[in-house]
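Down below is the structure, laid out as structure tokens.
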Amino acid sequence: MQKDNLKTNRPPVVVIMGHIDHGKSTLLDYIRKTNVTEGEAGGITQNISAYEVLHKDEKGEEKKITFLDTPGHEAFSKMRERGALIADIAILIVSAEDGVKPQTIEAWKTITEMKLPSIVAINKVDKPSANVEKTKQELAENEVYLENYGGKIPYAEISAKTGAGVDDLLSLILILAEMENFTGNTEEDATGFVIEADLDSKRGIQATLIIKKGTLQKGMFVVVEDAIVSTRMIQNFKGEMIDSASPSSPVRLCGFDKMPQVGAPFKSFKNKKEAEKYAEDHRNSVVAAPLGTPTTKSDEASKKIIPILLKANVSGSLEAIEKEIAKIKNDGAEFKIIARGVGPISESDIKNVSNSENAIIIGFNVKTDKSALEIAEKRGITISFFDIIYKMTEWLAEQMEKRRPRVETIETTGRAKIIRAFSRTKERQIIGGKVIEGQMLLNGTVKIMRREFEIGRGKIVNLEKGKVKTSVVEEGLEFGMMIESKIEIASGDVIELFSIAQK
């Protein structure tokens with residue numbers, strides 16, 4: 001009974017999901033009055049982040065809402081799924097201009113699978129080509145039934161650019177949160193999830209966490225699986241130092257002893273020994289699982305392996321890139337990530353791949369130091385930098401096509417029966433015959449066939465048709481030719497003209 005009395009209402013954690021350019025970043029930008037879109041390469045949000053905002057409810061009281069910004073690019077589907085797992089309420093954003101897109105359906109599927117209370121935001125209603133009714137119709141066709149349109153899903157018509165209808169959307173979030181009654185016990189030690197992790201050159205390994213239950217205080221210890229950090233420094237989402245954080249708050253902690261896994265749950269402890277025991281227990285409980293089906297020797301022999309060293313700014317991006325690289329397929333070659341990591345490309349990274357033939361080094365949103373560049377140059381290793389995932393995958397697909405082994409295919413373009421064999425000097429012989437299929441070409445390469453077996457090859461160095469020099473003799477016509485070959489050709493042999501194509 002006493003435990004229930006400790007439960008208090010906590011702010012909702014909201015995730016915005018939908019198609020890549022339907023306006024998530026613009027909406028968050030408007031809500032929190034800061035800019036996200038311009039600072040992101042290609043206008044794509046590529047790091048998961050969390051923000052707190054205040055909005056007055058129906059009684060005029062200011063209430064907190066935590067927004068979780070999950071990236072829209074299809075590469076980040078795993079992160080989107082985690083975003084939905086961490087969140088309490090999902091907003092599905094749909095453009096009134098473009099309507100329902102495959103990513104809209106994918107996002108809705110994630111929302112329904114996670115059984116998340118949801119709101120639909122129909123965006124870009126300020127645009128001349130906006131068609132709200134058509135968008136509602138398309139949503140209904142995809143089993144997203146809005147209020148007053150055959151269903152119970154609340155919706156708001158908004159313009160993230162002008163801010164029209166955004167207040168209504170925030171009010172809907174607070175109403176839905178009240179109905180769902182999200183609670184958290186502030187007396188417990190904090191638990192929650194990791195939403196981002198990266199390596200800072202000055203501050204070491206840092207991570208952003210969302211607290212779902214309990215309170216996190218200065219002087220505690222946080223454990224993510226077997227990664228530990230002390231909470232000497234707790235930052236809020238604005239980067240300000242704080243002494244404690246309550247349920248639904250995003251916090252940033254620095255100084256983890258190893259990179260925590262994005263999406264993993266965290267626990268906090270007041271006592272260091274307890275924290276270390278929890279981490280040790282986790283290490284002991286982890287049994288190495290097989291990493292997929294091993295490639296058979298015959299597969300390996302027939303495929304060219306192209307090694308990749310991959311460095312990214314944050315672990316979420318690293319995971320997404322690996323997923324995208326796995327999609328690039330080719331019959332003759334495959335990519336193999338031989339090393340991966342978070343942070344800038346270092347001298348040791350270059351040394352690690354210098355023994356791997358044809359290795360590719362990719363830096364995603366990271367830099368490299370001067371000494372690493374010098375070593376790479378000396379060893380003839382190219383470092384490629386990217387800040388947009390789809391550009392990187394396009395480039396890698398081209399590299400695979402260039403590097404894959406070529407298969408020689410032999411195509412027969414003409415056959416001729418030898419009627420007479422004349423004089424022979426060293427490696428040249430004069431013969432006469434008739435084209436029975438296709439054609440004979442001057443300077444063409446031929447197979448010499450005797451009783452359907454190839455006995456050698458030769459080259460046509462002179463070709464005559466009716467004692468007149470020519471470059472081609474067509475099917476059904478007789479010819480005289482000089483052929484260059486080590487093999488002596490006899491009457492009754494067949495010569496086959498062929499070409500070799502690299503495929």
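Of the residues making up region 115-148, those that are touching a helix residue (DSSP H, G or I) at 6+ places or on another chain (Cβ under 6 Å) and either surrounded by fewer than 16 Cβ atoms within 10 Å (Cβ to Cβ) or not assigned by TED's automatic domain parsing to the domain that holds Gly163 (or both) number 1. Residues of region 236-247 that are at pLDDT 90 or above and either of a type outside the set (Ser, Thr, Tyr) or within 29 Å of the chain's Cα centre (by Cα) (or both): Met241, Ile242, Asp243, Ala245, Pro247.
Being hydrophobic (A, V, I, L, M, F, W, C), more than 24 Å from Ala87 (Cβ to Cβ) and not in a strand (DSSP E or B) is the requirement here; does Val144 meet it?
Taking the combined requirement at face value, the residue does not satisfy it.
When region 453-483 is filtered for residues that are part of a loop (DSSP other than H, G, I, E, B), of a type outside the set (Val, Ile, Thr) and under 60 Å from the mean Cα position of the chain (by Cα), the ones remaining, listed by number, are Ser471, Glu475, Gly476, Leu477. Counting the residues of region 415-437 that are small (Gly, Ala, Ser) and modelled with pLDDT of 95 or more gives 3.
In region 160-168, the condition of being assigned to a strand (DSSP E or B) and at pLDDT below 95 is met by no residue.
Scanning region 213-234 for residues that are crowded, with 21+ Cβ neighbours inside 10 Å and under 29 Å from the mean Cα position of the chain (by Cα) turns up Val223, Val224, Ala227. Within region 319-334, the set of residues being farther than 23 Å from Pro405 by Cβ, at pLDDT below 85 and among the aliphatic types (A, V, I, L, M) comprises Ala320 only. Just checking, how many residues over region 190-212 are crowded, with 18+ Cβ neighbours inside 10 Å and charged (D, E, K, R)? The total comes to 3.
Listed by first and then second residue, the pairs linking a residue in region 335-354 that is more than 18 Å from Val366 (Cα to Cα) and in the same structural domain as Lys370 (by TED's automatic domain parsing) to a residue that is at pLDDT below 85 and of a type outside the set (A, V, I, L, M), with Cβ atoms under 7 Å apart and 6 or more places separating them unless they lie on different chains, are Ile338/Ser356; Ser354/Arg379.
State which residue is farthest from the chain's Cα centre (by Cα) when the search covers only region 398-415 and only residues that are surrounded by fewer than 14 Cβ atoms within 10 Å (Cβ to Cβ) and not charged (D, E, K, R). Once the filter is applied, the top-ranked residue is Thr412.
Any idea which residue in region 484-503 is modelled with the lowest pLDDT, counting only those that are exposed (fewer than 12 other Cβ atoms within 10 Å of the Cβ) and not in a strand (DSSP E or B)?
Initially, region 484-503 is screened for residues exposed (fewer than 12 other Cβ atoms within 10 Å of the Cβ), giving 486, 492, 500-503.
Now narrow it down to the ones that are not in a strand (DSSP E or B): 486, 492, 503.
Details: Lys486: 90, Gly492: 94, Lys503: 65.
The selected residue is Lys503.
The residues of region 306-336 that are assigned to a strand (DSSP E or B) and either crowded, with 17+ Cβ neighbours inside 10 Å or in contact with a Ser or Thr (Cβ under 6 Å, 6 or more places away or on another chain) (or both), listed by number, are Ile306, Pro307, Ile308, Leu309, Leu310, Lys311, Ala312, Val314, Ala333, Glu334, Phe335.
Conditions tested, residue by residue: (1) in a helix (DSSP H, G or I); (2) more than 19 Å from Asp167 (Cα to Cα); (3) in contact with a His (Cβ under 8 Å, 6 or more places away or on another chain); (4) without any contact (Cβ under 8 Å) to a residue 12 or more places away in the chain.
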| site | (1), (2), (3), (4) |
| --- | --- |
| Leu85 | yes, yes, no, no |
| Ile91 | no, no, no, no |
| Val94 | no, no, yes, no |
| Thr104 | yes, yes, yes, no |
| Leu116 | no, yes, no, no |
| Ser129 | no, yes, no, no |
| Glu138 | yes, yes, no, no |
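For Ile195, indicate whether it is in contact (Cβ under 8 Å) with a residue 24 or more places away in the chain and within 29 Å of Asn313 (Cα to Cα). Answer is yes for this residue.
For region 175-189, which residues satisfy the criterion of being over 15 Å from Val14 (Cβ atoms) and surrounded by fewer than 20 Cβ atoms within 10 Å (Cβ to Cβ)? Once the filter is applied, which keeps residues that are over 15 Å from Val14 (Cβ atoms) and surrounded by fewer than 20 Cβ atoms within 10 Å (Cβ to Cβ), region 175-189 yields Asn181, Thr183, Asn185, Thr186, Glu187, Glu188, Asp189.
Of the residues making up region 395-414, those that are in a helix (DSSP H, G or I) and modelled with pLDDT of 90 or more are Trp395, Leu396.
Listed here are the residues, each with its yes/no results for (1) closer than 19 Å to His282 by Cβ; (2) in contact with a Ser or Thr (Cβ under 8 Å, 6 or more places away or on another chain).
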| residue | (1), (2) |
| --- | --- |
| Phe221 | yes, yes |
| Glu225 | yes, no |
| Ile228 | yes, no |
| Phe237 | no, yes |
| Arg252 | no, yes |
| Lys258 | yes, no |
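Among the candidates Pro265, Pro250, the residue that is assigned by TED's automatic domain parsing to the domain that holds Val194 and surrounded by fewer than 19 Cβ atoms within 10 Å (Cβ to Cβ) is uniquely Pro265. Suppose we keep only residues that are surrounded by fewer than 17 Cβ atoms within 10 Å (Cβ to Cβ) and not polar (S, T, N, Q) within region 348-374. Which one would you say is modelled with the lowest pLDDT? Once the filter is applied, the top-ranked residue is Glu357.
Quick check on Ala227: is it of a type in the set (A, V, I, L, M, F, W, C) and closer than 18 Å to Ala50 by Cα?
The answer is no for Ala227.
Of the residues making up region 50-70, those that are part of a strand (DSSP E or B) and loosely packed, with under 10 Cβ neighbours inside 10 Å number 1. Tallying residues that are small (Gly, Ala, Ser) and without any contact (Cβ under 8 Å) to a residue 24 or more places away in the chain within region 364-407 yields 1.
Answer yes if at least one residue in region 149-161 is among the polar types (S, T, N, Q), in the same structural domain as Asp69 (by TED's automatic domain parsing) and surrounded by fewer than 18 Cβ atoms within 10 Å (Cβ to Cβ), and no otherwise. There is no residue in region 149-161 that is among the polar types (S, T, N, Q), in the same structural domain as Asp69 (by TED's automatic domain parsing) and surrounded by fewer than 18 Cβ atoms within 10 Å (Cβ to Cβ).
Thr191 passes every criterion in (1) at pLDDT below 90; (2) assigned by TED's automatic domain parsing to the domain that holds Gly263 apart from (1).
The values are calculated or read from the model by the stated rules, or taken from the named source; none is laboratory data. Because the structure is a prediction, the values reported are computed rather than measured. Reconstructed Cβ throughout: ideal geometry from the backbone, glycine too, with neighbour counts over all protein chains shown.
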